[in-house]
Amino acid sequence: MYSRKRMTALSAAGMSAALLLTACGGGGGESLTGPEGGGEDPQEINIALIAWEEGIATTNLWKVLLEEKGYDVTVTDVDVAPMYQGAANGDVDLFLDTWLPVTHADYWEDYGDQLEDLGAWYDNAKLTITVPSYVEDVNSIPDLADHVEDLDGRIVGIDPGAGLTRVTKEEAMPGYGLDEDFELVESSTAAMLAELDSAISEEEPIVVTLWRPHPAYAQYDLKDLEDPEGLMGDAETIHAVGRDGFGEDYPELTGWLENFELNDEELATLEVLTLQEHEDDPEAGARAWLSENPEFLERTLGEDAEGLEF
């Protein structure tokens, strides 16, 4: 999972200089001229984007939403380490994809006192071992030991360097006694999804490593195997994070972000629309999702949702 979370768009060394050229938000509250400042010009905001599935989906969601509310939004593609550095320096205003308490613990320890936690919007981020729901006799990871032959002794995994691969290979498989009879097939996320799709089309048994949130949960009827010993790790929460002073500079938006939350089904369908059905225009996918989910606007924006159409 974690190896998918890499997009080297800006180097750490060049982060501040590059963002100073492209950022639109990084200032203090004194210069507000847009929706929050009461002026005619749109208030500018720079959102950092790391090319992770949920990050692409939610960043495009908020870009579309904020532009409808009169903001001037810039999205800056960046890798994870320089993103935290840039946010701590005030070069970007907002980041929607901080995983706590484990995945981004080191970054939070280094930079957390220079950032503002704007709240968790998703509470079921976790690593999983998963089968199609029609694999009826396999409900927990230990159950796999009784179905080695049915599953050809294969757990279909992703990249060799992924954290998901490490946890599966070093924790779950030996912990449940699967390492002697099963091979963890290391390939790529795309290869794993291709095998999953092929197996489901033929209704054949298959077991894969996966993670939530992921659009596969909207595409297929899947079953996460129970993990009685907790060897795959506990669920994490995904947070929106702002630079220091964000709440003071963007009080209206801060309130909306405090109300921001997505459940499994909502996030999965948003990912399908932005990453697959509208792969070349994720903003169009976000607009389509917003048009189909007016209740999201009502609970997130409250009275500020009146008059919005997508």
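The values are calculated or read from the model by the stated rules, or taken from the named source; none is laboratory data. Everything numeric here is computed off the predicted structure, so don't read it as measured data. Glycine gets a Cβ as well: all are built from the backbone with ideal geometry, and neighbour counts include every protein chain shown.
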Options Leu115, Leu164: the member that is touching a residue at least 12 places away in the same chain (Cβ under 8 Å) and not assigned by TED's automatic domain parsing to the domain that holds His214:
Leu115
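For every residue, the table says whether it meets (1) at pLDDT 95 or above; (2) surrounded by 18 or more Cβ atoms within 10 Å (Cβ to Cβ); (3) out of contact with any Ser or Thr (no Cβ under 7 Å at 6 or more places or on another chain).
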{"site": "Pro228", "(1), (2), (3)": "yes, no, no"}
{"site": "Asp234", "(1), (2), (3)": "no, no, yes"}
{"site": "His239", "(1), (2), (3)": "yes, yes, no"}
{"site": "Pro251", "(1), (2), (3)": "yes, no, yes"}
{"site": "Trp256", "(1), (2), (3)": "yes, yes, no"}
{"site": "Phe260", "(1), (2), (3)": "yes, yes, no"}
{"site": "Asp264", "(1), (2), (3)": "no, no, yes"}
{"site": "Ala268", "(1), (2), (3)": "no, yes, yes"}
{"site": "Thr274", "(1), (2), (3)": "yes, yes, yes"}
Going through region 151-162 one residue at a time, which ones are at pLDDT below 95 and surrounded by 14 or more Cβ atoms within 10 Å (Cβ to Cβ)?
Ile158, Asp159, Ala162
Looking for whichever is under 20 Å from Gln219 (Cα atoms) and of a type in the set (Phe, Trp, Tyr) here; the options are Trp289, Trp256. Which one fits?
Trp289
Arg154 being of a type in the set (D, E, K, R), under 18 Å from the mean Cα position of the chain (by Cα) and not assigned by TED's automatic domain parsing to the domain that holds Arg243:
no
Working carefully through the options Ala190, Ala194, Ala218, find the one that is in contact with a helix residue (DSSP H, G or I) (Cβ under 7 Å, 6 or more places away or on another chain) and without any contact (Cβ under 8 Å) to a residue 60 or more places away in the chain.
Ala218
The residue from Tyr107, Tyr111, Tyr71, Tyr84 that alone is modelled with pLDDT of 95 or more, touching a helix residue (DSSP H, G or I) at 6+ places or on another chain (Cβ under 7 Å) and of a type in the set (Phe, Trp, Tyr) is Tyr111
Name every residue in region 136-154 that is in contact with a His (Cβ under 9 Å, 6 or more places away or on another chain) and without any contact (Cβ under 8 Å) to a residue 24 or more places away in the chain, in order of residue number.
Asp137
For Pro205, work out the one condition from (1) closer than 30 Å to Asn46 by Cα; (2) in a loop (DSSP other than H, G, I, E, B) it doesn't fulfil.
(1)
Assess whether Ala199 counts as being assigned to a helix (DSSP H, G or I) and assigned by TED's automatic domain parsing to the domain that holds Asp117.
no
Among helices (runs of 4 or more DSSP H) entirely within region 218-287, at least 3 residues that are in the same structural domain as Ala120 (by TED's automatic domain parsing) and within 15 Å of the chain's Cα centre (by Cα) occur in 264-272
Give all pairs with beta carbons closer than 7 Å in which a residue from region 228-245 that is closer than 19 Å to Pro213 by Cα meets a residue that is of a type in the set (S, T, N, Q) and modelled with pLDDT of 95 or more; count only pairs at least 6 apart in sequence or on separate chains.
Met232/Thr128
